[in-house]
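The values are calculated or read from the model by the stated rules, or taken from the named source; none is laboratory data. For clarity, every value in this text was computed on a predicted model and none was experimentally measured. Cβ placement follows ideal geometry from the backbone for every residue including glycine, while neighbour counts extend to all protein chains displayed. We work out accessible area using only protein heavy atoms, side chains counted, and drop any ligands, DNA or RNA first. Shrake-Rupley method; radii C 1.70, N 1.55, O 1.52, S 1.80 Å.
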Amino acid sequence: MTQDALWKKILDELFQDFLAFFFPKIYQDVDFSKGHQFLDKELSKIIKDSSVGKKIVDKLIKVYLKDGSEKWLLIHLEIQGYSEKNFPQRMFTYNYRIFDKYQKEVISLAVLTDPDKNYRPSEYRISRWGFNLIFQFPIIKLIEYRERWDELSTNKSPFSFVVMAYLKTLETKGNDQERYSWKKHFLSELFNYGMDRKTLSAVYNFIDWLMTLPKELDDEIYEEVIQIEKEHKMATLSTAERIGREKGVKEGRKEGLIEGLQKAVIDILLIKFGEQSVDLQAKILTIANIDILETLRAQLKQQQSVEGAEKAIEESLKLD
């Protein structure tokens, strides 16, 4: 999974936590009891027509404020590893194009993941012959959290783990053993923070995919995490699922492959339906047919409701 896909996925899954951690003043004004809506189709129409910049992670989200008004938040996650001169211009262009097309007030925010401390684009300005245009936007610079490590390590927000994992991924480039130690630490600590299963799964998967390691080191983490998960009575998550499946194929053990598929299906249920899928997860563990599990995994990716997922699982149980 690419880094842009990773960031986009966790933003989709934990948007409320994202806003509370990075933009607390905005978070305090948002009425989350009314929900929020991702406007990907609206944004894709704008980006498709735009000739500026290159592909980054952009999200357009509709929220409702506590004063009853509606606002659109345009969030740019700059995932490239170097500075880009035209980034403020792209921010401005997307903002005015959305406003022009939909006549909605758009608040632009930026999160920068590059390692250059001096790269802090927060303004697009045109000034000539008495004409002045100033477009300013708030930015979050992840690299600056290095100076706030103690604060991160005691903060129970899921995004404290996300930021720490990101920083250590940068710092351990080329040092697999050190990265292994930090990855094991983060994945182990996750279970002690009292997160709900959906949140834990989202952060776990982000760290697992971000902090890439050689297979033999991931195998070691897998064995330790399995024991931790058993102690907490939780379904095994991404590392265990992926490596468990690989082990099953490599060693020719049908049990290993079945276990890996079961965990893959459970992970889909967790991500899509969270706590509502607890009863369904138990049923998945009773299915031991590889073909049925493969088919069910594909079906559940398309389901939009718990009821639909339950129906698909019940049909699969009849075939097993």
Among residues of the range 61-96 being in a loop (DSSP other than H, G, I, E, B) and within 18 Å of the chain's Cα centre (by Cα), the residue modelled with the highest pLDDT is Ile79
Could you look through the range 281-294, keep only residues that are surrounded by 11 or more Cβ atoms within 10 Å (Cβ to Cβ) and free of Cβ contacts under 8 Å to residues at least 24 places away in the same chain, and pick out the one that is nearest to Ile258 (Cα to Cα)?
Leu285
Can you tell me which residue within the range 7-34, out of those that are without any contact (Cβ under 8 Å) to a residue 12 or more places away in the chain and surrounded by fewer than 16 Cβ atoms within 10 Å (Cβ to Cβ), is nearest to Ser160 (Cα to Cα)?
Pro24
Looking only at residues in the range 170-197 that are over 19 Å from Glu223 (Cβ atoms) and touching an Asp or Glu at 6+ places or on another chain (Cβ under 7 Å), which one is most open to solvent (accessible area, probe 1.4 Å)?
Asp196
Looking at the range 295-320 only, could you name the residues that are in contact (Cβ under 8 Å) with a residue 24 or more places away in the chain, assigned to a helix (DSSP H, G or I) and open to solvent by less than 60 Å² (accessible area, probe 1.4 Å)?
Leu296, Arg297, Leu300, Val306, Ala309, Ile313, Ser316, Leu317
Among the residues of the range 263-280, is any open to solvent by 50 Å² or more (accessible area, probe 1.4 Å), out of contact with any Lys or Arg (no Cβ under 6 Å at 6 or more places or on another chain), over 23 Å from Glu13 (Cα atoms) and at pLDDT below 85?
no
Scope the range 134-152; condition open to solvent by 50 Å² or more (accessible area, probe 1.4 Å) and within 30 Å of Glu216 (Cβ to Cβ); matching residues:
Arg146, Trp149
Going by the structure shown, is Tyr124 touching a strand residue (DSSP E or B) at 6+ places or on another chain (Cβ under 9 Å), in a strand (DSSP E or B) and over 25 Å from Ala20 (Cβ atoms)?
yes
Give the residues of the range 104-133 that are acidic (Asp, Glu) and either surrounded by fewer than 14 Cβ atoms within 10 Å (Cβ to Cβ) or modelled with pLDDT of 95 or more (or both), sorted by residue number.
Glu105, Asp116, Glu123
Take the residues in the range 2-58 that are touching a His at 6+ places or on another chain (Cβ under 8 Å) and either of a type in the set (Val, Ile, Thr) or farther than 29 Å from Met195 by Cα (or both); name whichever of them is modelled with the highest pLDDT.
Val30
